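**Q** Okay, here's the structure, questions in a sec.
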Amino acid sequence: MNLESKIPYSGGDSYDEISFIALHVGASIERAYNELWTKKRAAIICGSGTATATLLEVKLQNRFRHNLIITGKYSYSDYKNRNLPADNDFLISTIPLTNPALPVIVIDITNFEKDSEQLNTYINSVDEEAQRVLDLFNPELMLLDEEYASKETLIADVCFKLKKHGAVLQSFRSW
């Protein structure tokens, strides 16, 4: 059943309002989609030397070339002295790090396949804002087979469900 058959046409206002809502939802989805696929930036911290760091960098680039930008390779001493670029999203390290300012994924080069799964999970996780948009497609928020007497009733029901789900603030519908 389509939405047009449920809401009587009354000179354009109903369709304009529904279109306006659809545009906002579409824009939110587009913003979230773009954020989902932005490459993450990470520095490699290596405690054993440049050869190991270079091998790790090559392995990471082979596996995550579409999702990850390596900003550089650094020694543990560089890390301790905070000689790292400021624009990293997280750090990839071959050793545990103390007092990290960013999230750290520890990878043992000899166990790369297993340890890189944790990195894969982190890289492909979505941030909080994107998750809120994705949550809007929760089946509890869908109104597919509902009958509404008026556009006001439909909008009120949508707003109620969004508020109940925590997707919008209480002040979402101010009229």
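**Q** What FRET efficiency do you get for F172 and E140 if R0 is 22 Å and r is their Cβ-Cβ distance, rounded to the nearest 0.05?
**A** That gives a FRET efficiency of 0.85.
**Q** If you don't mind, another one. Rank the residues T94, T54 as a footprinting-exposure proxy: fewest other Cβ atoms within 10 Å of their Cβ go first.
**A** On the way: T94 19, T54 13.
Ascending Cβ contact count within 10 Å gives the list T54, T94.
The numbers here are math on the coordinates, done by the rules we state, and not lab data. Just so we're clear, the structure is a prediction, and the values are computed from it rather than from any experiment. Cβ: placed from backbone, ideal geometry, glycine included. Neighbour counts: every protein chain shown.
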